[in-house]
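Presented below is the structure to which this report refers.
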Amino acid sequence: MRNFFKGDEEISKLYCYYKQDHPYLLLAPFKVEIVRFDPLAVIFHDVISNEEISIIQEVSHSRLERAQVVSPATRRREPASFRISKNVWLENNEHEIVERLNRRIHLMTNLDLKFAEDLQIANYGIGGFYDVHYDFFGKNSPLLESLPEGNRIATVLFYMSQPEIGGATVFIPIKTTVLPSKNSALFWYNLARNGEGDHRTQHAACPVLVGVKWIANKWIHEAGQEFLRPCGLKETDQEAFVGDLGGPVPKDHANIRS
């Protein structure tokens, strides 16, 4: 992880912790690294095994197709020049590994996955990239109007390989780069506490220069999160450090929420 143009004082406030806020995690806690506080982004280390990755790749490989994006005009999935990769969607009940990952994502994020999208597996070869974009849908997007489950409240991105060069996830507005690290997962909220899209989460997948990049995306929607990540009392309410991820809260920090 790299935070560009960050002072030593701000970086020094970042920390790691063991997530143990569920009985299941007392003996096998998640290792969590805070990338930044505002907007919140964390990395879960060693959260997917090599065996699980191999099975997912085996299940997905023969079904990979040119990646598509949903066109706001037609509301259909279409190829786009700003996204060069191959992907496939794995349904929740398609394989034991997918079901296992869903249960794990719930423990990682403390969010309800009932209305989450299927697991998207993506493969980026040499030159593969995804240009600048948001994971949430704009407030006036016709796509959002057709989603009874609401907007994408959060993203979980599993890194299933580690390219030799390239393939970083870059958040442009906040000048933050996360380098792919196999077996880890990057998590962030796409929406602010008031339900509005957080434009600071605009990001891109840098081109792969040497090697291959495999990832798995899980997009979690608003429905079902009413009591798990409730709206703030004020529009200006921000995340309390590690949000609702069960981490320790330091006593003194500029981003503390009253």
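The values are calculated or read from the model by the stated rules, or taken from the named source; none is laboratory data. Because the structure is predicted, anything quoted here is derived from the model rather than measured. As a convention, Cβ positions derive from the backbone with ideal geometry for all residues, glycine included, and neighbour counts pool all protein chains shown.
Numbers at a glance
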| item | result |
| --- | --- |
| Failed condition for VAL47, given (1) in contact (Cβ under 8 Å) with a residue 60 or more places away in the chain; (2) loosely packed, with under 13 Cβ neighbours inside 10 Å; (3) within 19 Å of the chain's Cα centre (by Cα) | (2) |
| The range 52-70 residues that are polar (S, T, N, Q), paired with ones that are exposed (fewer than 13 other Cβ atoms within 10 Å of the Cβ) and part of a strand (DSSP E or B) (beta carbon under 6 Å, 6 or more apart) | GLN68/ARG77; GLN68/GLU78; GLN68/PRO79 |
| Unique match (being touching a residue at least 24 places away in the same chain (Cβ under 8 Å) and in contact with a Cys (Cβ under 8 Å, 6 or more places away or on another chain)) among VAL156, VAL170, VAL132 | VAL170 |
| Condition met for TRP219 (buried (at least 23 other Cβ atoms within 10 Å of the Cβ), out of contact with any Phe, Trp or Tyr (no Cβ under 7 Å at 6 or more places or on another chain) and touching a residue at least 60 places away in the same chain (Cβ under 8 Å)) | no |
| Among residues of the range 25-63, those that are over 26 Å from GLY247 (Cα atoms) and in a loop (DSSP other than H, G, I, E, B), counted | 2 |
| The listed residue being more than 29 Å from ASN87 (Cβ to Cβ), at pLDDT 90 or above and assigned to a loop (DSSP other than H, G, I, E, B), out of GLU239, GLU226 | GLU226 |
| Those residues of the range 135-153 which are out of contact with any helix residue (DSSP H, G or I) (no Cβ under 8 Å at 6 or more places or on another chain), of a type in the set (D, E, K, R) and either touching a residue at least 24 places away in the same chain (Cβ under 8 Å) or under 18 Å from GLN68 (Cα atoms) (or both), in sequence order | LYS139, GLU149, ARG152 |
| Residues being farther than 23 Å from LEU245 by Cα, charged (D, E, K, R) and under 18 Å from the mean Cα position of the chain (by Cα) - total across the range 102-156 | 1 |
| Residues being out of contact with any strand residue (DSSP E or B) (no Cβ under 7 Å at 6 or more places or on another chain) and of a type outside the set (Gly, Ala, Ser) - total across the range 184-199 | 4 |
| Those residues of the range 105-128 which are surrounded by fewer than 16 Cβ atoms within 10 Å (Cβ to Cβ) and β-branched (Val, Ile, Thr), in sequence order | ILE126 |
| Selection from the range 159-192 of residues that are under 16 Å from the mean Cα position of the chain (by Cα), assigned to a strand (DSSP E or B) and not small (Gly, Ala, Ser) | TYR159, THR169, VAL170, PHE171, THR176, THR177, VAL178, LEU186, PHE187, TRP188, TYR189, LEU191 |
| Residue in the range 182-196 that is farther than 30 Å from LYS234 by Cα and of a type in the set (Gly, Ala, Ser) present | yes |
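A quick yes/no check of all residues on (1) modelled with pLDDT under 95; (2) assigned to a strand (DSSP E or B):
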site: GLU94; (1), (2): yes, no
site: ARG104; (1), (2): no, no
site: LEU111; (1), (2): no, no
site: ILE121; (1), (2): no, yes
site: ASP131; (1), (2): no, yes
site: LEU143; (1), (2): yes, no
site: ILE153; (1), (2): no, yes
site: LEU157; (1), (2): no, yes
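So that you can scan it fast, the table gives a plain yes or no per residue for (1) small (Gly, Ala, Ser); (2) surrounded by fewer than 20 Cβ atoms within 10 Å (Cβ to Cβ):
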{"site": "PRO142", "(1), (2)": "no, yes"}
{"site": "MET160", "(1), (2)": "no, no"}
{"site": "SER181", "(1), (2)": "yes, yes"}
{"site": "LEU191", "(1), (2)": "no, no"}
{"site": "GLN202", "(1), (2)": "no, yes"}
{"site": "CYS231", "(1), (2)": "no, yes"}
